[in-house]
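The values are calculated or read from the model by the stated rules, or taken from the named source; none is laboratory data. Since the model is a prediction, treat every value here as computed from it, not as a measurement. For neighbour counting, all protein chains shown are included, and Cβ atoms are generated from backbone atoms with ideal geometry for every residue, glycine included. The protein model used for the area step is the full one, side chains on, heavy atoms only, and it has no ligands, DNA or RNA in it. Shrake-Rupley method; radii C 1.70, N 1.55, O 1.52, S 1.80 Å.
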Amino acid sequence: MKQRPQPEIELTVPSLHRWNAVFWVLLGVVPPAVAVADAPDTTRYPVLALLVVLALSYGAVGLFPGSPVLRPRPYLYVLVVGLGAMSYLLDGGAALYAVTLPHFWIYTTSARAAIVLSGVAAAGVVAGNVVRQGWDGEFLTGNVIFTVIGYAAGVLIGLGVRHITEDAEERARRLNAELEDARLRLVEAHHRQGAADERERLAREIHDTLAQGFASIIVLAEAARSGLENDPGRSGKQLLAIENTARENLAEARVLVGSAPRSGVAAGSVADTLRRTLDRFTEDTGIGVASELPDVACDQQTRIALLRCTQESLANIRKHAAASAVEVVLTAQPYGVELEITDDGRGFVAEDSHGFGLHGMRKRLAELGGELTVTSSVGDGTRVLAMIPTDGQG
């Protein structure tokens, strides 16, 4: 976190300080210079020289706060001496002292230092006036009274302003701390959300690939075992299907651990990809599949999503539908690509289904701006419609 600048180096409210500089020049420097315009040379030149020294010192500290030539504290010492000398030369310097009071609060690091230094300056102004008049003159002049009143008012106002400033800085520090804490919590939340999203993605990929493959292997193995004696030829085909499915699962596993291309899907058109999947389904289950699979142009992500939706739908048909026929239709629409999968199985109540497979399909399509519609009722089969926009539509 950025450190708070030191009061002796950087001004905390530069706009106010600029206005103070303007008022100091107009009300503090200009009036004495005008007042000595017709004064004797013995008075005019020392006053003008002193005003030039004070103005240059103030300018050096204000414009170059980090300069080693004149630091803020030595500048205040110069100011104390200059105010006393000005009071002696003009036989009164209360006005310049009053206008200069903010400098003691701006260029000190503590209220105590400001009170002490402004008090010493007030004593210097009074002393200059007394020395000028002589010790036998009147002590309680208007200049002395105005200086004392100005000092008291300056202390009260300075303490009030410093309290307000310190309170504002404390609130700013607390706010910065709260913002930093909120930022850290947000980063942690993003990290947790990213990890959760990655776990969900892996779970979906495992469900759509490895889990489905293992389920297919189990079904094929059971069928092959039961047909070893009666139909060894068919059992041999089923064992070959088990081998192919196991190889595909191995390839998918390599994708998941990052040792193979990310998609895990062989290159080719979406129609060819879906056709191979449907042929495998018919070969494994004996269920006839009617399909209309034109060669629809789509990118790799869309092709993978359509394939995963097809695999999940066919897996659900195999496990739950007890269907005798399946129809798969791929259509290119003006707004995107549609994939419709219907079966004549036992159906289910779509509103009561909350399985991971349907949720995974919806999530996958939503990531591409698409949507999944499932229509089914008990005894009337099931219709799954996947839509994915193309050409940036969503």
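Atom-type composition of the exposed protein surface of the chain places 61 percent of the accessible area on carbon and sulfur (1.4 angstrom probe). Here the chain carries DSSP beta bridges of which approximately 80% are antiparallel, counting only pairs with both residues inside.
The phi torsions of the stretch 41-56, fed into the Karplus equation with coefficients 6.51, -1.76 and 1.60 and a -60° offset, translate into couplings of 4, 5, 9, 4, 5, x, 5, 4, 4, 5, 5, 5, 4, 5, 5, 5 Hz, rounded to whole numbers, with Gly and Pro shown as x.
How much area per residue is accessible in the chain when the probe is 1.4 Å and only protein heavy atoms are counted (Å²)? Per-residue value: 56 Å². Using alpha-carbon positions, what is the distance between the centroids of the stretch 275-317 and the stretch 12-85, in Å? Comparing the Cα centres of the stretch 275-317 and the stretch 12-85, I get a distance of 89 Å. Compared with the rule-of-thumb size 2.2 N^0.38 Å for a compact globular protein, the stretch 279-348 has a Cα radius of gyration ratio of 1.15. Expressed as a fraction of 2.2 N^0.38 Å, the C-alpha radius of gyration for the stretch 81-151 is 1.07. The alpha carbons of the chain give a radius of gyration and a Dmax of 44.6, 140 Å, in that order.
Placing +1 on the Cβ of every Lys and Arg and -1 on the Cβ of every Asp and Glu, with no other charges, gives the chain a dipole of roughly 1420 debye about its Cα centre. Principal axis analysis of the Cα atoms in the stretch 276-394 yields extents of 38, 31, 21 Å, listed in decreasing size. Dividing the mean sequence gap of close Cα pairs (under 8 Å, 6+ apart) by how many residues the chain holds gives a relative contact order of 9 percent. Pairs of C-alpha atoms in the stretch 21-73 farther apart than 17 Å represent 43 percent of all such pairs.
Among 41-49, 380-388, 95-103, the peptide with the highest mean count of other Cβ atoms within 10 Å heads the list, and the full ranking is 95-103, 380-388, 41-49.
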